[in-house]
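Asks: Supplied in structure tokens, the structure appears directly below.
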Amino acid sequence: MEPLDTGLGVIELLTENPSICAIVVDQKGTVVSVNSTYLRVLQKSKEEVVGKYIGDVTPNTRTLVVLRTGKGVVGYDWSINGYNMIACALPLISNQTVVGCFAFSLFMDIWDAKDLVENLMFELNSYRNEVRNLYSARYTFAGIIGSSPKMQNVKFLAQQAALHSSTTVLITGESGTGKELFAHAIHNCSQRSRLPFVRVNCAAIPENLLEAELFGYVEGAYTGARKGGNLGKFELANGGTVFLDEIGEMPLSMQSKLLVVLQEKEFEKLGGSRPVRVNVRVIAATNCDLEAKVKQNGFREDLYYRLNVLRLEIPPLRERREDIPELVYHFIDKLNARLKTKVNEISTRAMQMLSNYHWPGNVRELENTLERAMILADMQGGNILEPSHLPLPHDNRNGTFPNGNAFQDGDAHRTLKTALEEFEKEYIANTLKNTGYDKEKAAKALGIDVSWLYKKLKKHNITAHAN
């Protein structure tokens, strides 16, 4: 009943203000408290209102809508017994459950209240939309592609994790397997979905800034600290989810402080002295072997066990090759929309090549490979991906590139980036030669601006005229 107690405290503050009507109802719609101003408007005594069903007191009340949906109704016109007011009804939430509703209204002839509230609500909604855009989960389980038994098992376990919104989840797997997608989906499928999803890349933040980033700081905490202090990620995510990506790279000094947050649900801001309590779910992800790091004293054993409550191990793409065709067509549709290309098919041989490749970069490498291939196919005026469009490194099992060409010794160590750059250089040089070294014709054939062509010529040190 803590939220209702908080609501009663607000009522007490508003009681002395004759311009504001206020009322609190519990989750069953029973009136818990009402201030004297609203009693005068209702033309009823306290005994006739408190303890009664709100629908009997005010039949058109919005509080019942709020109790049913869990969403506030703000800035609406409220007329009763000849009084015209502007009103708001807000849910009272405890442990992700709506336990009541707090409603208040202002007389429209006081301080031009309607305009005032409308302006305030406009600003509030602007800030709310900005926060939602910055701290919202983008992916759902429907967007995680894969029908193989291994992926179905992982998705089932992740969906079970979503149902238990306080359980800490540890997601492991190689780089590019889609660990972040699972973190987003778990949040979006949980009771916390309406609240923030805040991502922290533990490997990208310098050690001396990580504490302030996670827990915030108070004014004067250090030289250059922002006036008024700053909220940390845990406070921003209160009620929602904190996703700690690359948790294996977190410094040992911070691991002990994170352990306290997981155990006590509270922390102190940098430079502060008061504990800040938070209610967040923690999802952590890593491509490291945390057990090995524990043995090497690179990761706290007690923190590892705190994180490893429910573990999801995302299989690498090479262990679920049957998902590759489904992924390929998914990415073709996605990339066509983004690249404005018109590739709508892939040849049987090209699909075989993609299915046989070992994909050290997993799903991320597959998407990047298809993006390059689709750009090339579109440049050539085709709408079907062929083996010649795929810049894959060699297949170690048969000693050939997937397109069937034999590779030289030096090719075994080429990265995808190197292969792409070499192909780009050769393709531009051949196009330039075939257009008689006419820069405008070559740029048109390549589908790029002449200025961009000059940059590519300079980058690859390509001779811009016939020898």
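Asks: Step through the table entries Lys52/Lys265; Lys233/Lys342; Lys342/Lys458, compare each Cα-Cα distance with 32 Å, and write down the pairs that go over it.
Replies: Correct reply: Lys52/Lys265; Lys233/Lys342.
Asks: Counting Lys +1, Arg +1, Asp -1, Glu -1, what net charge surrounds Leu259 among other residues with beta carbon under 13 Å of its beta carbon?
Replies: Combined, the nearby Lys, Arg, Asp and Glu give 0.
Asks: Ordering Tyr427, Tyr139 from largest to smallest accessible area (1.4 angstrom probe), what's the sequence?
Replies: Tyr139, Tyr427
Asks: Using a 1.4 Å probe, how large is the accessible area of Thr63, given in Å² and rounded to the nearest 10?
Replies: Surface accessible to solvent at Thr63 totals approximately 10 Å².
Asks: Give the ranking of Cys288, Cys189 by solvent-accessible surface, highest area first, calculated with a 1.4 Å probe.
Replies: Final ranking, largest accessible area leading: Cys189, Cys288.
Asks: Give the accessible area for Glu48 in Å² (nearest 10); use a 1.4 Å probe, count only protein heavy atoms, and leave out ligands, DNA and RNA.
Replies: 100 Å²
Asks: Under a cut-off of 25 Å between alpha-carbon atoms, report the lysines in cross-link reach of Lys340, not counting same-chain residues fewer than 8 places apart.
Replies: The qualifying lysines are Lys417, Lys425, Lys439, Lys441, Lys444, Lys455, Lys456.
Asks: Quick check: net charge around Val66, other residues with Cβ under 15 Å of its Cβ, Lys/Arg +1 and Asp/Glu -1?
Replies: +4
Asks: Can you list the residues, at least 5 places off or on another chain, whose amide H is less than 5 Å from the amide H of Ala137, using H built in the peptide plane?
Replies: Sorted by chain and number, the residues that satisfy this are Phe197.
Asks: Still on this model: So, taking all protein chains as they sit and a 1.4 Å probe, how much accessible area belongs to Lys455, in Å² rounded to tens?
Replies: 130 Å²
Asks: Where the only charges are on Cβ atoms (+1 Lys, Arg; -1 Asp, Glu), what is the dipole of the range 208-354 about its Cα centre, to the nearest 20 debye?
Replies: 380 debye
Asks: Run the reach check for Lys293 against lysines, Cα to Cα strictly under 20 Å, same-chain hits fewer than 8 apart removed. What comes back?
Replies: Result set, ordered by chain and number: Lys179, Lys257.
Asks: In the neighborhood of Val169, defined by Cβ-to-Cβ distances under 13 Å, what is the net charge if each Lys or Arg adds +1 and each Asp or Glu adds -1?
Replies: My count for the surroundings of Val169 gives +2.
The values are calculated or read from the model by the stated rules, or taken from the named source; none is laboratory data. Everything numeric here is computed off the predicted structure, so don't read it as measured data. Don't worry about glycine lacking a Cβ; one is built from the backbone with ideal geometry, like all the others, and counts go over all protein chains shown. Just the protein is used for accessible areas: all its heavy atoms, side chains included, with ligands, DNA and RNA removed. Shrake-Rupley method; radii C 1.70, N 1.55, O 1.52, S 1.80 Å.
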